[in-house]
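Peer 1: Below is a structure I'd like to ask you about.
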Amino acid sequence: MFGALFIMQDKDLNEYRPSSSSTSKHISCSHNLCDSGQSCQSPKQSCPYVIDYITENTSSSGLLIQDVLHLSSGCENSSNCTIQAPVILGCGMKQSGGYLSGVAPDGLFGLGLGEISVLSSLAKEELVQNSFSLCFNEDGSGRIFFGDEGPASQQTTSFVPLDGKYETYIVGVEACCIENSCLKQTSFKALIDSGTSFTYLPEEAYENIVIEFDKRLNTTSAVSFKGYPWKYCYKISADAMPKVPSVTLLFPLNNSFVVHDPVFPIYGDQGLAGFCFAILPADGDIGILGQNYMTGYRMVFDRDNLKLGWSHANCQDLSNEKKMPLTPAKETPPNPLPADEQQSASGGHAVAPAVAGRAPSKPSAATPCFIPSRFYSIRLPHLLLLALCLVSSCV
């Protein structure tokens, strides 16, 4: 077991070619992770995959391949700080929909709960604890920490099953509060989705929340901005920026999530022209807590305990933390490190941040609305968190 903090280097990624990789291997139809084995003519045939996404006419199909994911850290003794982790990826041979317009040019990184996802593979090899965290800064940068279970001081809530199964990251919101007013009929289930740029709420909760927000804002300058999807938008004058009401989500056991910035600024030729309350109505009864509501937080997805954790964080500070022993002894030391110096990863160690080399030039295929021109450097589309493998274009 390695006891170091691992980093995926920031690189401009090229198209993946199995023929150019000396470590690539085809996954056969007889492999235990080949779900499409029944469609194969021979057990030795390469395992096919087909993924259809929520976005209309968007899909990927191809073959499953095993290759090596290289993880390294900035520690002094590099020979002891490098691992080669075997992972399974979907090598896309036919793409449709959003893929053809530039979505995910470097592929999708699989962080789902399925056995075939990248994190599942890393945890199975005991390279990391079966948990990861995401962190998004206000400046648009982001970090992924593999194996991170978060600080002891974080708030948590349990994931809830969908149709009796834990297949993705869904939580139950008990109520929404605008300032000190916690509203009735604002409970709902929501998918935690880093790749949907904004937040969607079921219709009833949405209406109750936006009406209360509008009332609390105490301004009559509601407008619509062309090209933006939100209904509740407001102009501002050069000398008067109204106080934006706070938005808080309540979870069981009195855990609360205060949204760092619930509005989206609108800029014109003369600078800041106004802002919009950046939530939208969802199509169904399950909402989506998107990227804008995660800003300023370290969001921890604890897959072993099926819990979501969150704590205020500056992503850059997290990435600059001193390396700490992340493979603890069987007995907890009497004086553990303070929460801001410790990533609790019992039985494993963390893999420190992966910073994406390129942001997509087009919106996520899963986001059926306007996407801002500034993208987070880590893009994890809605379809990614549901995906079971890493999908890339295959030549």
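Peer 1: Collect the residues in the range 27-58 that are buried (at least 16 other Cβ atoms within 10 Å of the Cβ), at pLDDT 90 or above and in a strand (DSSP E or B), keeping them in residue-number order.
Peer 2: Selection gives Ser28, Ser46, Pro48, Tyr49.
Peer 1: Can you find a residue in the range 142-152 that is closer than 30 Å to Cys81 by Cα, of a type outside the set (A, V, I, L, M, F, W, C), within 14 Å of the chain's Cα centre (by Cα) and outside any loop (DSSP other than H, G, I, E, B)?
Peer 2: Looking through the range 142-152, at least one residue is closer than 30 Å to Cys81 by Cα, of a type outside the set (A, V, I, L, M, F, W, C), within 14 Å of the chain's Cα centre (by Cα) and outside any loop (DSSP other than H, G, I, E, B).
Peer 1: Something else about it: From Asn255, Asn218, which residue is open to solvent by 20 Å² or more (accessible area, probe 1.4 Å) and in contact (Cβ under 8 Å) with a residue 60 or more places away in the chain?
Peer 2: Asn255
Peer 1: Ok, one more. Could you list, in sequence order, all residues of the range 281-294 that are of a type in the set (Val, Ile, Thr) and crowded, with 18+ Cβ neighbours inside 10 Å? Let's see the steps before the verdict.
Peer 2: First, pick out the residues of the range 281-294 that are of a type in the set (Val, Ile, Thr): 286, 288.
If the condition is that a residue be of a type in the set (Val, Ile, Thr) and crowded, with 18+ Cβ neighbours inside 10 Å, then Ile288 is the only one that fits.
Peer 1: Of the residues that make up the range 308-315, is at least one over 18 Å from the mean Cα position of the chain (by Cα) and open to solvent by 40 Å² or more (accessible area, probe 1.4 Å)?
Peer 2: no
Peer 1: Among the residues of the range 259-270, count how many are surrounded by 15 or more Cβ atoms within 10 Å (Cβ to Cβ) and either charged (D, E, K, R) or part of a strand (DSSP E or B) (or both).
Peer 2: Here is the first cut: in the range 259-270, the residues surrounded by 15 or more Cβ atoms within 10 Å (Cβ to Cβ) are 259-264, 266.
So of that shortlist, the ones also either charged (D, E, K, R) or part of a strand (DSSP E or B) (or both) come out as 261, 263-264, 266.
Total meeting the criteria: 4.
Peer 1: Here's a follow-up. Search the range 127-141 for residues being among the small types (Gly, Ala, Ser) and in a loop (DSSP other than H, G, I, E, B), and hand back the single one that is least open to solvent (accessible area, probe 1.4 Å).
Peer 2: Just the residues of the range 127-141 that are among the small types (Gly, Ala, Ser), to begin with: 131, 133, 140-141.
Then drop every residue that is not in a loop (DSSP other than H, G, I, E, B), which leaves 140-141.
Working: Gly140: 7, Ser141: 25 Å².
By that ranking, first place goes to Gly140.
Peer 1: Collect the residues in the range 169-210 that are charged (D, E, K, R) and either assigned to a loop (DSSP other than H, G, I, E, B) or within 22 Å of Gly112 (Cα to Cα) (or both), keeping them in residue-number order.
Peer 2: Glu174, Glu179, Lys184, Lys189, Asp193
Peer 1: Let me ask something else. Regarding the range 221-230, can at least one residue be identified that is farther than 17 Å from Leu183 by Cα and part of a strand (DSSP E or B)? It would help to see each step written out before you state the result.
Peer 2: So the first thing to find is which residues in the range 221-230 are farther than 17 Å from Leu183 by Cα, and the list is 221-230.
Among the residues that remain, those that are also part of a strand (DSSP E or B) are: 222-223.
Yes: one or more hits.
The values are calculated or read from the model by the stated rules, or taken from the named source; none is laboratory data. Predicted model only: the values in this text are computed from it and were never measured. Using ideal geometry, Cβ is built from the backbone for each residue, glycine included, and neighbour counts are taken over all protein chains shown. These accessible areas exclude ligands, DNA and RNA; they are computed on the full protein's heavy atoms, side chains included. Shrake-Rupley method; radii C 1.70, N 1.55, O 1.52, S 1.80 Å.
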